[in-house]
Structures are given as C-alpha cells and as structure tokens.
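Q: Got a structure for you, questions after.
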Amino acid sequence: MNAEAIASLTTALGTLVLAVATFGATRSANRASRIAERSLLATLRPLLMTTQLGDPRQKVGFADDHWTHIEGVGATFEQGDDVIYLVVGLRNFGNGIGIITGWNPTPERIFSRAHEDPEKFRRQTRSLYIAPAGLGFWQGALRDPAEPVYEGFAQAIKNRTPVTVDILYTDMNGGQCTITRLIINPGQQDHWYAVVAQHWQLDNHTPILPNE
C-alpha cells in the first residue's frame with residue numbers, strides 16, 4: 001500500500017472516529033437536555049387532591065349570587081331553582097400553580113372507565129387558580145334542566161347516590177394538562193364529601209381555555 005493510500009485511509013478513519021464521537025456527544029447532550037427539561041417541568045407541575053380533615057372553611061360564590069361553604073373533606077352538592085351547584089375543596093400537592101379550565105360530570109360513581117375527550121369538557125366560566133401547597137376549590141353548576149345529565153344529578157341528590165366529576169387543569173404556562181377524577185359521595189345527614197379516584201397526565205394536549 002503506497003503512502004497516498006495510507007494517508008487517505010488514515011484520514012477516513014479519523015473522520016469516522018470524529019463522527020462517532022460527535023454522535024455520542026450529541027446523544028449525551030440531548031439526553032442531558034431532556035433530563036433538564038423534565039426537571040424544570042417537574043417544578044411547574046400541579047397535582048390537585050381533595051382537602052383534608054381540619055382544613056379551614058371556605059366560602060364560595062356563584063355568578064347568580066348563590067353562596068355556599070365547604071370545610072375539611074366536605075363538598076357541596078345541592079339543588080337550587082333549576083340549578084344544581086357543585087363545589088369540592090382542593091389542595092395543590094404539586095410544585096406549580098394549578099389552573100382549572102374545564103370539567104365533565106357523570107351522574108354515577110365510576111373508577112376504571114377512561115376519561116372523556118378533553119375537547120368535550122365543559123369550560124369553566126372563569127379559571128380557578130390554586131397555588132403550590134395552597135388551598136382552593138373547584139366549582140361548577142348545571143343550569144339546563146333539559147340536559148340528560150341534569151336529571152341524572154337531580155336524581156342523585158334526591159336518592160343520595162355518588163356522582164363523578166373529572167376536572168381538567170394545567171400549569172401556569174398552559175402546559176402539563178392533567179385530568180383528576182373526583183367522586184362526590186353522600187355522608188351523614190345532608191352532607192357530602194369528595195375523594196380523588198384517578199389522575200391522567202396529558203402533556204401533549206392543548207388546554208381548554210375558559211369562556212370569554
């Protein structure tokens with residue numbers, strides 16, 4: 001093998017080694033970047049759970065000037081004049097601000113069934129914000145007696161049977177969409193209480209915005 005061929009082969013081998021090293025460095029950098037991104041997102045992710053025994057009383061108002069109170073694990077599930085009011089106390093156990101933007105009611109208790117398409121969720125009249133380690137609530141109202149779900153919830157109040165509400169929320173940047181399933185159960189006398197049944201993380205989902 002002449003000197004020219006040896007030089008060409010050496011150059012080719014050097015280029016190959018450099019390409020392999022560059023590829024490895026790029027993969028390592030990408031991996032480090034993904035880890036850093038996940039760590040950053042973890043500091044922004046909210047996680048909503050129901051309030052606990054001993055949590056302070058909260059006063060909650062609706063757009064029609066209806067007011068109610070919740071305390072501890074208690075929830076509001078009551079019939080008004082052609083309106084059904086629902087309130088659940090919540091705590092944010094995540095590191096980021098939770099912004100509730102939508103909800104989906106089901107007039108029965110469900111656990112394992114998959115959630116509805118988030119695009120079909122009802123929009124909150126206003127976004128509800130819950131700070132990290134903070135106390136807050138979710139509220140919703142059914143105002144159309146002609147709706148099948150309205151009659152189902154009215155019967156649940158009358159018969160004191162559990163219902164389910166899935167809430168949709170995001171972090172402060174509108175990302176990291178999460179659905180949390182809430183079960184509202186009958187308690188003693190006329191009281192109701194709520195528990196969390198399941199969470200779904202929908203990181204690739206475009207969030208629902210509140211009604212204008």
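Rule-based calculations on the coordinates, nothing more; no lab input. Worth saying up front: this structure is predicted, and the values here are computed from it rather than measured. A quick note on method: Cβ atoms are made from the backbone with ideal geometry, for glycine too, and the neighbour counts reach across all protein chains shown.
Q: Once label points are set 7 Å from the Cα along Cα→Cβ at both residue 149 and residue 81, what is their separation, rounded to one decimal in nm?
A: Computed distance between label sites residue 149 and residue 81 equals 2.5 nm.
Q: Per 0.36 nm of contour for each residue apart, how much would the distance between residue 117 and residue 161 grow if the chain were fully extended, relative to their Cα-Cα spacing?
A: Residue separation times 0.36 nm, minus the Cα-Cα distance, leaves 13.3 nm.
Q: Report the normalised scattering of the stretch 48-202 as log10 I(q)/I(0) at q = 0.20, 0.21 Å⁻¹, calculated by the Debye formula with identical scatterers on the alpha carbons.
A: -1.40, -1.56
Q: Rank 96, 194, 169 by how far each Cα sits towards the positive end of the charge dipole of the stretch 48-202 (+1 on Lys, Arg Cβ; -1 on Asp, Glu Cβ) and give me just the farthest.
A: The Cα lying farthest towards the positive end belongs to 96.
Q: Oh, and also: Could you work out the local net charge near residue 198, counting Lys and Arg as +1, Asp and Glu as -1, over the other residues with Cβ closer than 14 Å to its Cβ?
A: Working: positive: 109, 113, 181; negative: 116, 166.
Once positives and negatives cancel, what remains is +1.
Q: With +1 on each Lys and Arg Cβ and -1 on each Asp and Glu Cβ, how big is the dipole of the stretch 48-202 about its Cα centre, in debye rounded to the nearest 20? Before the final figure, lay out the partial values.
A: Working: 13 positive and 17 negative charges, 80 e Å.
Computed about the Cα centre, the dipole is about 380 debye.
Q: Across the stretch 51-65, in residue order, what do the Karplus-derived ³J(HN,Hα) couplings come to in whole Hz, using 6.51 cos²θ - 1.76 cosθ + 1.60 with θ = phi - 60° and x for Gly and Pro?
A: These are the phi-based 3J(HN,Hα) values: 5, 10, 4, x, 5, x, 6, 10, 9, 10, x, 10, 5, 8, 6 Hz.
Q: While we're on this one: So if we plug the beta-carbon distance of residue 198 and residue 65 into 1/(1 + (r/R0)^6) with R0 = 25 Å, what FRET efficiency do we get, rounded to 0.05? Present the calculation step by step, with values, prior to reporting the outcome.
A: Details: r = 34 Å, r/R0 = 1.37.
Rounded to the nearest 0.05, the efficiency is 0.15.
Q: Please turn the phi angles of the stretch 115-120 into ³J(HN,Hα) values with the Karplus equation 6.51 cos²θ - 1.76 cosθ + 1.60 (θ = phi - 60°), one per residue in order, whole Hz, x for glycine and proline.
A: 6, 6, 4, x, 5, 8
Q: Can you list the chymotrypsin sites (Phe, Trp or Tyr not before Pro) in the stretch 50-131 that are in a DSSP coil and have 10 or fewer other beta carbons within 10 angstrom?
A: Values: sites: 62, 67, 77, 85, 93, 103, 111, 121, 129; in loops: 62, 93, 111, 121.
Sparse-neighbourhood loop chymotrypsin sites (Phe, Trp or Tyr not before Pro): 111.
Q: To continue, here is another question. Looking at the stretch 85-176 from every direction and averaging, what is the projected area of its Cα convex hull in nm²?
A: Details: hull surface 26.2 nm².
Hull-based average projected area comes out at 6.6 nm².
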